[in-house]
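K.L.:
This is the structure I want to talk about, given as structure tokens.
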Amino acid sequence: MRSEMSKRWPRRPARIAGWLLSGVGGLAAALFLFAWSGIYNVAASSGHWTIVDWFLAFGMRNSVSLRSNAITAPALDDPDLIRLGAAHFHGGCAFCHGAPGIPVSPIARQMLPSPPDLATSMRPWKDEELFWIVRHGIKYTGMPGWVALERADEIWAVIAFLKRLPALDAKNYRALALGDVELVGQSGEELATVESNPQGAGACARCHGAEGSGPASDLVPILHGQPTEFLMAALREYAEGSRPSGIMQPLAADLGVQDIERLAAYYANLVPKQAPSTAGTRPSERGRALATEGDPANGIPACNACHGRDSLARYPRLAGQNAAYMAGQLRLWAAGHHSSTSGAAIMAPIARRLSETDIAAAAYFEALASESAGARR
Amino acid sequence: MSAARPCLYLAVAASPLAGCGEHQSVLNPAGPEALRLAQLTWLLFGFGAAVLGIVILAAVAAVRGSERVRAELASARTVAWAGIVFPSVALTGLLGYGVWVTRASIAGPGDESMLRIAVTGEQWWWRVHYPQSAGPPIAVANEIRIPTGRPVLFELRSADVIHSFWVPNLGGKVDMIPGRTTFLRLRADRTGVFRGQCAEYCGGPHALMALEVVAMSATDFDAWLHNQRAPAADPEFTIARRGRELFLAAGCGACHAVRGTAAAGMIGPDLTHLGSRRSVGIDTVATSEAGIAHFISEGQHIKPGNRMPPFRIFAPEDLNAVAAYLAGLR
């Protein structure tokens with residue numbers, strides 16, 4: 001008996017493996033035949049069977065939950081962060097996901113799965129899960145990943161807004177997302193012949209303001225009166241993708257060469273706007289020292305050498321600029337944020353030599369009277 | 001193959017001889033300090049060779065020698081004298097001689113007759129100051145000019161990490177230690193260009209942290225120093241004037257000084273007379289308009305890791321103008 005067993009044993013695993021292999025092979029062949037035959041209906045219009053729908057959603061929920069595990073959300077109640085997120089949502093997300101007062105586009109509704117109208121029915125995701133979804137997108141759904149994966153700061157702005165979204169009515173939403181932009185009604189002829197800009201989705205002024213109004217959020221740079229050459233370079237860098245930003249890249253990529261020239265000239269010639277300086281804060285002595293003398297012992301050159309009144313038109317002016325925006329940019333560079341522009345090649349090594357105190361001292365510039373560099377050149 | 005093998009061994013054994021060339025070599029002294037070191041080197045080498053010879057002879061004698069010789073070699077007396085007394089005495093004597101030979105070149109601050117030059121090692125270049133009896137010192141970088149026949153006292157400091165100052169043709173190696181000043185006395189007895197090298201690993205492009213000591217006749221040196229003392233002359237040509245405008249507007253003056261202009265930066269090398277130096281970026285690119293332009297835009301490829309960011313913001317004609325301005329600063 002025993003000897004018989006030992007004789008048979010070595011053959012058994014081999015036989016099992018053989019069965020398994022042919023099973024897997026057969027299944028693969030069947031699947032291939034299934035796809036090859038064209039029997040499967042890929043029509044988005046036909047929808048999924050309920051069981052398939054449930055299975056896919058089940059897989060998605062678990063995948064998002066697992067993969068967002070290591071993420072920790074920062075504070076998301078900053079009104080400036082919410083406004084920035086709202087402005088991007090309006091241009092980048094509302095077409096598919098709708099917004100208070102703006103229904104989901106009929107075209108987007110025909111996608112499979114049809115994108116959820118976030119104004120009315122958002123799944124109770126955790127902040128971290130939403131961040132993961134907005135950053136990476138979701139396979140097989142049409143939800144795209146963020147254009148610039150490294151710009152977590154931008155993605156969190158969108159999440160901050162999404163948290164706020166369910167509580168908004170149409171009026172509040174418009175105020176938040178469109179700011180001071182007044183949509184001019186187009187005439188019948190214009191509607192018929194000119195490419196329309198529905199709901200002002202691409203309007204720069206939603207974030208950056210226009211004549212008479214500054215940016216909606218202090219996380220957005222003031223462009224009024226900046227040198228034309230600098231503005232054009234920035235738009236070109238966004239358009240070609242060398243300056244990563246999920247908010248600016250898609251917008252700049254839509255602009256033609258002449259659009260960029262005209263747009264840059266428009267902002268360059270606007271009367272400089274002053275950041276609404278936080279009342280009662282005095283510019284720090286450290287900020288003044290860094291701006292005028294730098295810190296040679298730590299290899300930090302004076303900011304004014306490049307950002308002063310008589311500097312190259314290729315460099316931005318900082319007087320009167322939003323402190324929160326400047327600090328955000330410096331932190332991105334200091335954190336090793338990858339940007340391959342010629343400007344970042346100069347500024348990033350300097351930003352890496354700045355301490356957190358030094359970065360906070362950038363607020364010094366916010367309180368300075370801004371002056372137009374654009375008009376002078 | 002068996003015939004090739006001895007040749008291969010010979011080639012490998014001879015490869016250190018490549019270090020015996022004239023350039024940056026201890027064995028080619030150009031001044032009294034270096035000469036003493038070279039003599040010390042030969043003495044130690046000769047003494048070591050003699051000891052090695054004796055050891056080999058003793059080994060042969062221990063194997064092939066007569067009974068009497070072998071007994072003598074194995075005796076306690078031989079071990080005590082040749083194994084304890086001789087090394088102690090010989091090594092102590094050689095150490096004393098070495099210290100005595102080098103004592104003069106590392107002795108502290110010298111007298112007034114010496115030319116004083118302050119050299120500060122920075123990551124990864126040499127800041128060189130010629131103190132003046134009145135006014136700020138004359139600042140140059142990476143290229144040290146000295147007169148022949150006159151003792152020079154180097155005051156060596158470091159701005160960041162430990163560096164080491166070593167010009168083998170002129171003398172010994174002295175560390176530059178943060179927070180301390182070390183001294184080195186050298187004299188060049190003949191004219192020439194003597195290459196030096198940072199001899200203590202100091203991070204990143206340490207290997208490219210070289211320097212040149214140019215020994216000139218006393219009259220040539222005085223003329224050179226006189227020229228260095230003067231502020232930068234106004235550019236002669238339109239292109240160079242445009243270059244100066246761009247140099248200032250592009251913020252170069254935040255790190256570099258050009259005396260006589262608004263550029264007064266202290267972070268990087270003084271460029272007042274850049275055009276009179278032999279090379280840019282220490283020995284990496286010749287001082288020409290093309291070389292300077294190349295260093296401005298591609299400095300990170302020429303000397304990877306150096307503290308100057310690459311300036312690729314200039315249109316080609318603007319870059320040429322800046323380079324023309326700097327090359328003209330003679």
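K.L.:
Quick test for you: out of A:265, A:275, pick the one residue that is within 28 Å of the chain's Cα centre (by Cα), of a type in the set (A, V, I, L, M), more than 14 Å from chain B (Cβ to nearest Cβ) and open to solvent by 30 Å² or more (accessible area, probe 1.4 Å).
P.N.:
A:265
K.L.:
Which of the residues that make up segment A:302-322 are hydrophobic (A, V, I, L, M, F, W, C) and either facing chain B (nearest Cβ under 8 Å) or open to solvent by 20 Å² or more (accessible area, probe 1.4 Å) (or both)?
P.N.:
Selection gives A:302, A:303, A:305, A:306, A:312, A:318, A:319.
K.L.:
Here is a further query. Being among the small types (Gly, Ala, Ser) and buried (at least 19 other Cβ atoms within 10 Å of the Cβ) is the filter here, so list the residues in segment B:211-248 that pass it.
P.N.:
Hits for segment B:211-248 are B:215, B:232, B:240, B:243.
K.L.:
Being part of a helix (DSSP H, G or I) and modelled with pLDDT of 80 or more narrows it down to one of B:43, B:10, so name that one.
P.N.:
B:43
K.L.:
Kindly indicate the residue of segment A:329-351 that is buried (at least 18 other Cβ atoms within 10 Å of the Cβ) and more than 14 Å from chain B (Cβ to nearest Cβ) and also modelled with the lowest pLDDT among those meeting that condition.
P.N.:
Looking at residues that are buried (at least 18 other Cβ atoms within 10 Å of the Cβ) and more than 14 Å from chain B (Cβ to nearest Cβ), I get A:337.
K.L.:
State all residues of segment A:281-298 that are in a loop (DSSP other than H, G, I, E, B), modelled with pLDDT of 90 or more and in contact with a helix residue (DSSP H, G or I) (Cβ under 8 Å, 6 or more places away or on another chain); if no residue qualifies, say none.
P.N.:
Selection gives A:294 alone.
K.L.:
In segment A:149-159, is there at least one residue being out of contact with any strand residue (DSSP E or B) (no Cβ under 9 Å at 6 or more places or on another chain), surrounded by fewer than 20 Cβ atoms within 10 Å (Cβ to Cβ) and not in a helix (DSSP H, G or I)?
P.N.:
Checked against the condition, which is being out of contact with any strand residue (DSSP E or B) (no Cβ under 9 Å at 6 or more places or on another chain), surrounded by fewer than 20 Cβ atoms within 10 Å (Cβ to Cβ) and not in a helix (DSSP H, G or I), segment A:149-159 yields at least one hit.
K.L.:
Go through segment B:119-138 and give me each residue that's in contact with a Phe, Trp or Tyr (Cβ under 8 Å, 6 or more places away or on another chain), modelled with pLDDT of 95 or more and more than 17 Å from residue B:306 (Cβ to Cβ).
P.N.:
Once the filter is applied, which keeps residues that are in contact with a Phe, Trp or Tyr (Cβ under 8 Å, 6 or more places away or on another chain), modelled with pLDDT of 95 or more and more than 17 Å from residue B:306 (Cβ to Cβ), segment B:119-138 yields only B:119.
K.L.:
Report the residue count in segment B:63-117 for those that are within 30 Å of residue B:183 (Cα to Cα) and either open to solvent by less than 100 Å² (accessible area, probe 1.4 Å) or in a helix (DSSP H, G or I) (or both).
P.N.:
Going through segment B:63-117 one residue at a time, the tally reaches 27.
K.L.:
Here's another thing I want to ask about it. Considering only residues that are surrounded by fewer than 17 Cβ atoms within 10 Å (Cβ to Cβ) and touching a residue at least 40 places away in the same chain (Cβ under 8 Å), look in segment B:278-323 and name the one that is nearest to residue B:229 (Cα to Cα).
P.N.:
B:278
K.L.:
Additional query: Answer yes or no as to whether residue B:164 is outside any helix (DSSP H, G or I), among the small types (Gly, Ala, Ser) and surrounded by 14 or more Cβ atoms within 10 Å (Cβ to Cβ).
P.N.:
So residue B:164 passes the test.
K.L.:
Mind checking whether some residue in segment A:235-242 is touching a residue at least 60 places away in the same chain (Cβ under 8 Å), within 22 Å of residue A:203 (Cβ to Cβ), open to solvent by less than 50 Å² (accessible area, probe 1.4 Å) and within 14 Å of chain B (Cβ to nearest Cβ)?
P.N.:
Yes, some residue in segment A:235-242 is touching a residue at least 60 places away in the same chain (Cβ under 8 Å), within 22 Å of residue A:203 (Cβ to Cβ), open to solvent by less than 50 Å² (accessible area, probe 1.4 Å) and within 14 Å of chain B (Cβ to nearest Cβ).
K.L.:
When segment B:227-265 is examined, which residues are found to be closer than 20 Å to residue B:293 by Cβ, without any contact (Cβ under 8 Å) to a residue 60 or more places away in the chain and away from chain A (no Cβ under 14 Å)?
P.N.:
B:238
K.L.:
Further question: Applying the selection to segment A:328-353, what residues are more than 20 Å from residue A:218 (Cβ to Cβ) and either in contact with a strand residue (DSSP E or B) (Cβ under 7 Å, 6 or more places away or on another chain) or part of a helix (DSSP H, G or I) (or both)?
P.N.:
Selection gives A:342, A:343, A:344, A:345, A:346, A:347, A:348, A:349, A:350, A:353.
K.L.:
If you take the residues in segment A:33-52 that are part of a helix (DSSP H, G or I) and touching a residue at least 24 places away in the same chain (Cβ under 8 Å), which one is most open to solvent (accessible area, probe 1.4 Å)?
P.N.:
The residue in question is A:45.
K.L.:
Just the residues that are surrounded by fewer than 22 Cβ atoms within 10 Å (Cβ to Cβ) and within 14 Å of another protein chain (Cβ to nearest Cβ), please, taken from segment B:266-277.
P.N.:
Once the filter is applied, which keeps residues that are surrounded by fewer than 22 Cβ atoms within 10 Å (Cβ to Cβ) and within 14 Å of another protein chain (Cβ to nearest Cβ), segment B:266-277 yields B:266, B:267, B:268.
K.L.:
Sticking with this structure for a sec: Would you be able to say whether some residue in segment A:289-301 is without any contact (Cβ under 8 Å) to a residue 24 or more places away in the chain, in contact with a Ser or Thr (Cβ under 8 Å, 6 or more places away or on another chain), more than 20 Å from residue A:152 (Cα to Cα) and within 9 Å of another protein chain (Cβ to nearest Cβ)?
P.N.:
Checking segment A:289-301: not a single residue is without any contact (Cβ under 8 Å) to a residue 24 or more places away in the chain, in contact with a Ser or Thr (Cβ under 8 Å, 6 or more places away or on another chain), more than 20 Å from residue A:152 (Cα to Cα) and within 9 Å of another protein chain (Cβ to nearest Cβ).
The values are calculated or read from the model by the stated rules, or taken from the named source; none is laboratory data. Note that the structure is a prediction, hence the values are computed from the model and not measured. We place every Cβ from the backbone using ideal geometry, glycine too, and count neighbours over all the protein chains shown. Remember, those area values only see protein heavy atoms, side chains included, never the ligands or the DNA or RNA. Shrake-Rupley method; radii C 1.70, N 1.55, O 1.52, S 1.80 Å.
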